[in-house]
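Comments concern the structure below.
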Amino acid sequence: GQQVMQIPQYQHVQEGEDFTTYCNSSTTLSNIQWYKQRPGGHPVFLIQLVKSGEVKKQKRLTFQFGEAKKNSSLHITATQTTDVGTYFCAGNAGGTSYGKLTFGQGTILTVHP
Amino acid sequence: NAGVTQTPKFQVLKTGQSMTLQCAQDMNHEYMSWYRQDPGMGLRLIHYSVGAGITDQGEVPNGYNVSRSTTEDFPLRLLSAAPSQTSVYFCASRPTGPNQPQHFGDGTRLSIL
């Protein structure tokens, strides 16, 4: 079945440093979604990428979807303590399985002030 | 606007007991899903439903049953609880269509002794 791998599992940064998490799928994706989960909270939708090579920005966050639609990345510029949490990618294979999202393992981000 | 409501928030069971985790959404979403979250494993899909009367298995369905008699409700049943089912359970819903974000409930933290 479809697998989505996410690295790194943990990332510790000093406030002001940049952060990147990477997501790779074993199959071509119809779209990829990114979620953020604060400690003790539930996942919250951040963004969705649909087109090959797509790049989207939300303030200090930059999301990319690979040309082959099998990988994606999330980059945070100049991290802040409010960025702390777990970041998940979730892939949708589309077709008859478009009701299902497969989540990566998540990257736990710690920001030291 | 309640969104996705999960009850209970916390539960402790003894091995062999059964229970039902409740999930309700008031957004008229067709798609609903149940995930379990374990450290280092991300969110794994247990069961999902694409509409009332229709359910299907996800990645880790064993030991769990679901039904979808109404659009609003999607209960998850543990038939005979086992310590391996100790986890945080999230219910999610989303609108019909291939590129829609998921809305998560606050989760149920379940411990099996």
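Bear in mind that the values in this text are calculations on the coordinates, not laboratory data. Just so it is clear, the model here is predicted, and its values are computed rather than measured.
Observations on the model:
- Among A:Lys51, A:Lys69, A:Lys36, the largest mean-square fluctuation in a Gaussian network model of chain A, built with springs joining Cα atoms closer than 10 Å, belongs to A:Lys51.
- Taken over the alpha carbons of the protein assembly as shown as equal point scatterers, the Debye sum produces base-10 log I(q)/I(0) values at 0.08, 0.13, 0.18 Å⁻¹ of -0.29, -0.75, -1.33.
- Convex hull of Cα atoms in chain A, direction-averaged projection (nm²): 6.6
- Whole-number percent relative contact order across chain B, with pairs defined as alpha carbons under 8 Å at least 6 apart: 36
- Residue with peak Gaussian network fluctuation, chain B [Cα springs, cutoff 10 Å], from B:Gly58, B:Gly40, B:Gly16: B:Gly40
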